[in-house]
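Take a look at the structure below.
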Amino acid sequence: QKEVEQNSGPLSVPEGAIASLNCTYSDRGSQSFFWYRQYSGKSPELIMSIYSNGDKEDGRFTAQLNKASQYVSLLIRDSQPSDSATYLCAVLEGGGSYIPTFGRGTSLIVHP
Amino acid sequence: ETGVTQTPRHLVMGMTNKKSLKCEQHLGHNAMYWYKQSAKKPLELMFVYNFKEQTENNSVPSRFSPECPNSSHLFLHLHTLQPEDSALYLCASSQGGPVEETQYFGPGTRLLVL
């Protein structure tokens, strides 16, 4: 049973701070990792994908992957109230699989 | 706009009704998915089609019946639903290959079963 674990939160941070969202996964053979953002009442949208160990930066977002420890994180710098949403971690195993396993999501609240 | 559309956006139905949800993707993808998202619960994968063939059925009750006539269209036929089936139903598509498996979600159909 493949599992993807996220703290459901809510994680509350002040505007301008760094928000750190974490995700652990059980399948050591996982190869692809995704962070989706879902605003209340809306559908998920991809914000970052990462495939190799280390950091990947895109604007205010940085994804960090550590396959040895089986965790992936998302850092949001200079957090804005508009970043308030639920962040879903998704993990894809290797070997040609195309069906991801989603975590239950972490609710982030950025307060002014 | 993700290139995945869903109709209707909202649906209210009685337990004896029959209705269908429609999803269409304009991205040239090969795989299409139905997910159920209930309040305060994680995304639940229901069905997966790849090249029109059903490849996944996550123990979904038979009152939900999927149909995939081609790689661009996906339907979810509903009959004799229960109030606990009220949820947001999301359609998604992806390449269906081994790399770059980003999922593109439609806006969802919010279903209320009375």
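Read the figures in this text as sums done on the coordinates, not as results from a lab. These numbers were taken from a predicted model, which means no experiment stands behind them. All Cβ positions, even for glycine, are placed from backbone atoms using ideal geometry, and neighbour counts span all protein chains on display.
This model, with +1 at the C-beta of Lys and Arg and -1 at the C-beta of Asp and Glu, gives chain B a dipole about its Cα centre of some 480 debye.
Taken as Cα centroids, segment B:49-106 and segment A:51-112 sit 24 Å apart, rounded to the nearest whole angstrom.
With Cα atoms defining each centre, segment B:1-47 and segment A:11-37 are spaced 26 Å apart in the structure. Taking the protein assembly as shown, the Cys residues with no second Cys beta-carbon under 4.7 angstrom are B:CYS68. Let me make sure I get this right: for segment A:34-100, a, b and c are the square roots of the gyration tensor eigenvalues over alpha carbons, sorted descending. Under 1.5 in a/c it's rounded, otherwise prolate if a/b > b/c, else oblate. Which is it? Oblate, since a/c reaches 1.5 and b/c is not below a/b.
Taking segment B:18-45 and a reference point 7 angstrom along Cα→Cβ of B:GLU84, the backbone N atoms nearer than 14 Å belong to B:38-39.
Considering every alpha-carbon pair of chain A, the percent of pairs per 10 Å bin, from zero through the bin containing the longest distance, is 15, 49, 29, 6, 0. In plain terms, the bigger the Kirkwood radius, the slower the diffusion; for the protein assembly as shown, with that radius from Cα pairs, at 37 °C and 0.692 mPa s, Stokes-Einstein puts D at 181 µm²/s.
Selection among B:ASN17, B:ASN50, B:GLN37 by position relative to the dipole of segment B:9-66 gives B:ASN17 as farthest towards the positive end (Cβ unit charges, Cα centre). The lysine pair tally for the protein assembly as shown, using Cα distances under 23 Å and a gap of 8 or more places or different chains, is 16.
Counted without the sites themselves, the longest stretch of chain B free of trypsin sites (Lys or Arg not before Pro) in a DSSP loop having at most 16 other beta carbon atoms within 10 Å is B:64-114. Note on chain B: with a GNM built from Cα contacts shorter than 10 Å, the maximum mean-square fluctuation among B:CYS23, B:CYS91, B:CYS68 falls on B:CYS68.
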